[in-house]
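The values are calculated or read from the model by the stated rules, or taken from the named source; none is laboratory data. Source: prediction; values computed, not measured. Here the Cβ is made from the backbone with ideal geometry for all residues, glycine too, and neighbour counts use every protein chain on show. These area figures cover heavy atoms from the full protein model, side chains too; ligands, DNA and RNA do not enter into them. Shrake-Rupley method; radii C 1.70, N 1.55, O 1.52, S 1.80 Å.
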Amino acid sequence: QVRLAESGGGLGQAGGSLTLSCVASGRTFSSYAMGWFRQAPGKNREFVGVISTSGGRVDYADSVKGRFTISRDNTKNTVYLQMNSLKPEDTGVYYCAAERTLLTRDQNRYDYWGQGTQVTVSS
């Protein structure tokens, strides 16, 4: 059982930065790859990025590559999403999710999800 809680969302300005955090419960955090997904108003949830269990490998959606950075601190059971050069198109509810062993973009492969945190980017 893994419980996830996102924080750090809010109002950002185009061109600015925000950093999201996701804290996981339990002793097995380091056994899970951690993904970030987002859902814009009226749209389906989409993949943002994922980081491997040790943090050695990352994968990003083309829409955020070069602007967003995922990192993790296994001593704090926390994964981060650093968002730079924000665009209004980045607006949405951001979710963190956990899955075992694989590094995947497929949201159906993830086992646990947080409640989401709202990010709004104004122009």
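Can you tell me which residue within the range 25-58, out of those that are without any contact (Cβ under 8 Å) to a residue 24 or more places away in the chain and of a type outside the set (Val, Ile, Thr), is least open to solvent (accessible area, probe 1.4 Å)?
55
Going through the range 28-67 one residue at a time, which ones are more than 17 Å from residue 82 (Cα to Cα) and of a type in the set (D, E, K, R)?
Of everything in the range 28-67, those that are more than 17 Å from residue 82 (Cα to Cα) and of a type in the set (D, E, K, R) turn out to be 43, 45, 46.
Is it the case that some residue within the range 48-71 is of a type in the set (S, T, N, Q) and more than 17 Å from residue 104 (Cα to Cα)?
Within the range 48-71, none of the residues are of a type in the set (S, T, N, Q) and more than 17 Å from residue 104 (Cα to Cα).
Please specify each residue of the range 1-23 satisfying the condition of being surrounded by 17 or more Cβ atoms within 10 Å (Cβ to Cβ) and part of a strand (DSSP E or B).
Selection gives 4, 6, 12, 18, 20, 21, 22.
For residues that are surrounded by fewer than 16 Cβ atoms within 10 Å (Cβ to Cβ) and in contact with a strand residue (DSSP E or B) (Cβ under 6 Å, 6 or more places away or on another chain), tally how many sit in the range 59-86.
Within the range 59-86, residues that are surrounded by fewer than 16 Cβ atoms within 10 Å (Cβ to Cβ) and in contact with a strand residue (DSSP E or B) (Cβ under 6 Å, 6 or more places away or on another chain) number 2.
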